[in-house]
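Student: I am attaching a structure below and will ask some questions about it afterwards.
Laboratory data are not the source of any read-out in this text; all were calculated from the coordinates shown. On a predicted model such as this, the values are computed, not experimentally measured, just so you know. Counting neighbours? That spans all protein chains shown, and the Cβs are built from the backbone with ideal geometry, glycine included.
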Amino acid sequence: MAVKLIKCNQDDLHRLQEISIKTFNDTFKDQNSTVNMTAYIQKAFNLKQLERELANPSSQFFFANFTNEVAGYLKVNMNDAQSEEMGEESLEIERIYIKNKFQKYGLGKSLLNKAMEIAMEHYKNKVWLGVWEKNENAIAFYEKMGFVHTSVHSFYMGDEKQTDFIMTKTLL
Ligand SMILES: CC(C)(COP(=O)(O)OP(=O)(O)OC[C@H]1O[C@@H](n2cnc3c(N)ncnc32)[C@H](O)[C@@H]1OP(=O)(O)O)[C@@H](O)C(=O)NCCC(=O)NCCS
């Protein structure tokens, strides 16, 4: 069965919250304290926050629907929605998450290619993202997809300051 990528709108708010929390928990709970995880989830994935992000014209969310289920999602940012000042020529992949049971079936690649397509449609010359230095699985995936480590930035998981690698892919 083929994956279907569907652009999200406000009607998807609750489903977006559900997959955001589930995939974030599954990815990071083993390497982070419950207190820090809870603090981050409450701040980043509360309904008001997600509603604002869905309404921002410089951000776009997509669900990857597979076997009649939301199997993963993507969030991209342009212009001042980017979480670092990277300029008008860049697009950020802020979130790309596939549920555990659907990983390694090519869905991550489909979402990443969607981000590349949007970047090209908007005449961007660079796609970038931040990934936790300890997230070896995601780093290997991004390297496979042609991203290279270009710098670092800080990310707060609750009150813990963590280091994210910035990885970049230049478009022709
Ligand atoms: C990282 C993630 C999005 C990758 O998605 P995925 O659907 O599992 O990856 P795909 O099946 O699309 O893989 C695409 C390619 O990358 C390769 N790849 C995927 N994970 C890899 C890994 N850990 N090491 C090496 N190669 C990897 C695949 O073999 C495939 O190669 P191919 O094109 O030659 O067949 C997914 O594992 C995920 O959601 N992880 C948890 C959340 C997370 O960490 N998100 C990133 C936060 S910054």
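Student: Report the full-extension gain for the segment THR163 to ASN46: residue separation times 0.36 nm, less the Cα-Cα distance, to one decimal in nm.
Tutor: Gain on stretching THR163 to ASN46: 39.7 nm.
Student: To the nearest 0.05, how large is the calculated FRET efficiency for GLU88 and THR34 if R₀ is 41 Å and r is the Cβ-Cβ distance?
Tutor: 0.55
Student: Can you give the helix-only mean residue ellipticity at 222 nm for the chain, where every DSSP H stretch with n ≥ 4 adds -39500 (n - 2.57) and the sum goes over all residues, rounded to the nearest 500 deg cm²/dmol?
Tutor: When only DSSP H runs of four or more count, the value is -11000 deg cm²/dmol.
Student: Here is a follow-up. Could you give the size of the charge dipole of the range 43-119 about its Cα centre, using +1 on the Cβ of each K and R and -1 on the Cβ of each D and E, expressed in debye and rounded to the nearest 20?
Tutor: Dipole about the Cα centre, nearest 20: 640 debye.
Student: If eta is 0.890 mPa s and T is 25 °C, what Stokes-Einstein diffusion coefficient results for the range 4-170, Kirkwood Rh from Cα pairs, in µm²/s?
Tutor: My calculation gives 151 µm²/s for D.
Student: Given labels modelled 7 Å from the Cα in the Cβ direction, how far is it in nm from ALA55 to LYS22?
Tutor: 2.7 nm
Student: Over the range 1-116, how many pairs of lysines fall under 16 Å by alpha carbon, counting only those 8 or more apart in sequence or from different chains?
Tutor: Qualifying lysine pairs in the range 1-116: 16.
Student: Rounded to the nearest 20 Debye, what is the dipole magnitude of the chain about its Cα centre when Lys and Arg each give +1 and Asp and Glu each give -1 at the C-beta?
Tutor: Numbers: 21 positive and 23 negative charges, 121 e Å.
With only Lys, Arg, Asp and Glu charged at Cβ, the dipole is about 580 debye.
Student: Still on this model: Starting with the fewest neighbours, write out VAL35, VAL76 ranked by other beta-carbon atoms found within 10 Å of each beta-carbon.
Tutor: VAL35, VAL76
Student: Size of the dipole of the range 1-103 about the Cα centre, Lys and Arg at +1 and Asp and Glu at -1 on the beta carbon, nothing else charged, in debye to 20?
Tutor: Value, rounded to 20: 540 debye.
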